[in-house]
1. What is region 17-109's relative contact order, in percent, from Cα pairs under 8 angstrom and six or more apart in sequence?
2. So for the pair residue 122, residue 14, with labels modelled 7 Å out along Cα→Cβ, what separation do we get in nm?
3. Cβ neighbours within 10 Å, averaged per peptide: list 106-114, 82-90, 59-67 in order, most packed at the top.
């Protein structure tokens with residue numbers, strides 16, 4: 001009788017464009033948000049790839065496919081790590097081509113967290129402009145960054 005643990009197939013080498021792009025994406029994400037990379041991310045209890053301490057924890061994903069599936073389990077894992085550190089969990093998903101060029105990018109955030117962020121922005125804008133109702137009408141739009 002053969003021992004199945006001794007006859008395991010070698011893991012396929014991770015050589016696709018998404019795998020090659022992952023470390024670059026993490027560095028770019030940290031720089032873009034003014035945060036830092038999480039060392040050893042994805043290993044053991046360290047979940048998430050980049051963070052802004054006391055604000056947000058991002059899990060960076062990229063794909064060369066036309067779609068990317070986000071499961072509740074994936075988000076729950078990120079959320080536990082983020083909430084324990086006092087951070088909002090956010091998934092940063094890039095769609096890339098075979099040459100690792102970013103075609104488009106999206107962030108996934110829980111609806112409640114989005115509403116909380118929008119409320120904070122509205123309240124902060126109201127304090128800065130002197131508006132009593134917290135309205136952000138008439139303010140300049142947030143800078144457009146396509147990626």
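Bear in mind these aren't lab numbers, they're just calculated from the coordinates by the rules spelled out. Every value quoted in this text rests on a predicted model; they were computed, and no experiment measured them. Note that each Cβ is placed from the backbone with ideal geometry, even for glycine, and that neighbours are counted across all protein chains shown.
1. In percent, rounded to a whole number, it is 27.
2. 4.1
3. For the peptides 106-114, 82-90, 59-67, the packing ranking is 82-90, 59-67, 106-114.
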